[in-house]
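Notes follow once the structure below has been shown.
Read the figures in this text as sums done on the coordinates, not as results from a lab. In this text the structure is predicted, and so the values were computed from the model without any measurement. So basically every Cβ, Gly included, is an ideal-geometry build from the backbone, and we count neighbours across all protein chains shown.
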Amino acid sequence: MSTGVVVRLEPKTYYNYIGGQWVEAVSGERYATTNPADTSQTIGSFQRSNRDDIRRAIQAAADAQPAWRRTPAPRRAEILFRTWDLLRARADEYASYITLETGKVFADAKGEVKRGTNVLEFAAGDGRRLKGETVPSELPKNFIYTVRRPVGVAGLITPWNFPLAIPLWKLAPALVCGNTVVMKPATNTPLCAIKLAELFAEAGLPGSVFNVVSGPGGVVGDELVNSPDVRAISFTGSTDVGRRLYAQAAQSLKRVQCEMGGKNAVVVLEDAPLDLAVEAILQGAYGFCGQRCTATSRVIVDRKVKKALVDRLLERVKAMRVGDPFASDTQMGPLASESQIEKVTEYIEIGKSEGAKLQVGGVRPSGAPYEKGYYITPAVFTDVRPEMRLAQDEIFGPVLAVMECDGMEDAIRMVDTSTYGFKASVYTGDFFKIMHFIDEVDVGMVHVNAPTLGGEVQAPFGGIKGSGVGIKEQGRAQVEFFTEEIVVYMDYTGAKRDARFI
Ligand code: NAP
């Protein structure tokens, strides 16, 4: 059954947005992207930019800095509010771009747009909250206060899995804080970033304040990270790229935040409400084919309830509807790209060779509509041990690893064997166990009796260990990242002061 709100794109050429103009890459080179649900359908032709293109964008952003930073923050925020209005009015259109670029089920894509509008609303509110503080002085007639200033030109490097919400949750706070921006979207999903530039331009954002350049990360992303004119890098992507980029950016003493991979676990204790836990695991493991940084990829279940949980889980997984992401009854669409399907099928084989038991799924279905897309059926492995690659590596696909534990302490130990530290969830009704879990587990975000997914924009978002480094995103942290705190001392005694002793 179709949702009936599909935007059918006429494949056309899209350009970089630099200095308020739509421009071709200097090299004249382009590349095409295709719909992961039907690879015979071209989405568009995009600029394969090089270092010259990104340098032009950085220069445009640097030139626009003085005027934008002097624009009062509440005026900057008005543009965000207008963008918020426009995006809400076109939610289905923008959700369609997301589904076309990523294969994300349309209802999930609408959820992503909703997240984007929440981000805009919250960041716009910061326009009236960019406060400093006053600090008491130990001296008479001495006034100490702080103000928040923009960092300067911010480079935003984004992944393909949330092509609208992640660009927005970097862009909106960067802009309201007075920074000018150069964005490099993922090579697979430039359309949403380009459509965002259109939206902001329509809302009245001055040209050059927000620039978008498509092209390979190793070239245009690399140039952005190395440029001395870029003062902050906000990156979301894999831990491998983040680790390298973090070290590189340090050479020019940039402010950096890296939000990276995850290996999130749902812990199911002996007294857990099993039906609720199954619902959470299904959403977490198979929503958007497990291609969320917050996806559930491990279940750590007390061996006393393992059979009961796995039986219920398998029954539901076998009944899942995989298919056209625009159809309203589809639960899981295709994977997002060829490299994703290759990686996931490789991990199915790795899991089998490690001795884990593949209970269901991991198969590429045949016939229509599957043969033209990157489809795979949802997989469950049991008998997984913590040291297996299935339990350690971020697969980023619909592959769930079920492990057994002996009670709470064993479960926490198993969660923490991961080099990642993004999210963990615990299912139990025991208050004391819940509090102990929160105290001990080594992750950036904990969920209690809820899926590992999600996050609200007014709370900080991000991981620890291999999942995140630098100031978290969203919440009050977003202003901290996108501003410098300047400290002012004002002496109004009118007399000479001996400053040696303080
Ligand atoms: P990725 O391969 O690391 O790419 C992320 C971005 O970095 C892309 O725009 C990419 O460009 C660019 N890039 C690649 N090499 C670069 C380099 N040498 N210098 C500068 N930029 C470079 O990650 P992905 O496959 O797009 O995204 C999936 C990953 O993101 C997963 O690990 C997932 O967990 C993580 N993620 C984390 C969060 C979070 O909040 N923690 C949220 C979403 C996703 P190209 O596309 O051109 O390669």
Report summary line: With the dipole of the chain defined by +1 on each Lys or Arg Cβ and -1 on each Asp or Glu Cβ, the option from PHE431, ALA95, VAL380 whose Cα lies farthest towards the positive pole is ALA95
**Report entry** Full-stretch length increase - GLU93, VAL26 - with 0.36 nm per residue and alpha-carbon distance subtracted
**Finding:** 21.0 nm
Query - Pairwise centroid distance, computed over Cα atoms, of the stretch 38-66 with the stretch 115-174, Å - result: 25 Å
Query - Whole-Hz ³J(HN,Hα) from phi, Karplus 6.51 cos²θ - 1.76 cosθ + 1.60, for the stretch 466-472, glycine and proline x - result: x, 9, x, 9, x, 5, 4
Report summary line: Classified through the alpha carbon gyration tensor (a ≥ b ≥ c as square roots of its eigenvalues; rounded if a/c is under 1.5, else prolate when a/b is larger than b/c, else oblate), the stretch 301-440 comes out prolate
Query - Neighbourhood net charge (10 Å Cβ-Cβ; Lys/Arg +1, Asp/Glu -1) for PRO190 - result: +1
Report task. Positive end of the charge dipole of the stretch 216-350 (Lys, Arg +1 and Asp, Glu -1 on Cβ, about the Cα centre): tell me which of SER227, LEU269, ALA250 has its Cα farthest that way. Result -> LEU269
Query raised in the report: With a sphere of radius 14 Å drawn around the Cβ of PHE143, what net charge do the other residues whose Cβ falls strictly inside it have (Lys, Arg +1; Asp, Glu -1)?
Result: -1
Query raised in the report: In debye to the nearest 20, how big a dipole does the stretch 1-158 give about its Cα centre with +1 on each Lys and Arg Cβ and -1 on each Asp and Glu Cβ?
Result: 640 debye
**Report entry** Ordering of 143-156, 253-266 by packing [mean C-beta count within 10 Å, highest first]
**Finding:** 253-266, 143-156
Report task. Taking the dipole about the Cα centre of the stretch 283-340, with the C-beta of Lys and Arg at +1 and of Asp and Glu at -1, give me whichever of VAL305, GLY290, VAL317 is farthest to the positive side. Result -> VAL305
Requested in this report: Pop a pseudo-label 7 angstrom from the Cα along the beta-carbon direction at both ALA368 and ASN142 and give the gap in nm to one decimal.
Outcome: 8.1 nm
**Report entry** At least 20 Å along the helix axis (C-alpha) and Kyte average at least -0.5, DSSP helices within the chain
**Finding:** 73-89, 106-126
**Report entry** Residues in the stretch 154-186 that a label on ALA67 would reach, taking backbone N under 20 Å of a point 7 Å out along Cα→Cβ
**Finding:** 154, 174-183
Query raised in the report: Quick one: putting +1 on the C-beta of Lys and Arg, -1 on the C-beta of Asp and Glu, what dipole do you get for the stretch 80-163 around its Cα centre, in Debye to the nearest 20?
Result: 300 debye
**Report entry** Quotient of C-alpha Rg and 2.2 N^0.38 Å, computed over the stretch 363-432
**Finding:** 1.46
Report summary line: Long-range amide H partners of ASN50, meaning residues 5 or more apart or on another chain whose placed amide H is closer than 5 Å, are VAL26, SER27
Query raised in the report: Ranked from highest to lowest mean number of other Cβ atoms within 10 Å per residue, what is the order of the peptides 191-203, 16-28?
Result: 191-203, 16-28
Query raised in the report: Around GLY207, what is the net charge, scoring Lys/Arg as +1 and Asp/Glu as -1 over all other residues with Cβ under 14 Å from its Cβ?
Result: -2
Requested in this report: With a ≥ b ≥ c taken as the square roots of the eigenvalues of the C-alpha gyration tensor of the stretch 134-293, please select rounded if a/c is under 1.5 and otherwise prolate if a/b is larger than b/c or oblate if it is not?
Outcome: oblate
Requested in this report: Could you give the size of the charge dipole of the chain about its Cα centre, using +1 on the Cβ of each K and R and -1 on the Cβ of each D and E, expressed in debye and rounded to the nearest 20?
Outcome: 1240 debye
Report summary line: Per the rule of 0.36 nm per residue minus the C-alpha distance, extending ARG303 to ARG413 adds in nm 38.1 nm
Query - Sequence-distant residues sharing a close amide H with TYR375 (under 5 Å, placed H) - result: LEU335
Query raised in the report: In terms of the Cα gyration tensor, with a ≥ b ≥ c the square roots of its eigenvalues, is the chain rounded because a/c is under 1.5, prolate because a/b exceeds b/c, or oblate?
Result: oblate
Report summary line: The answer for MET403, listing residues at least 5 apart or on another chain whose modeled amide H is closer than 5 Å to its amide H, is VAL299, ILE300, VAL301
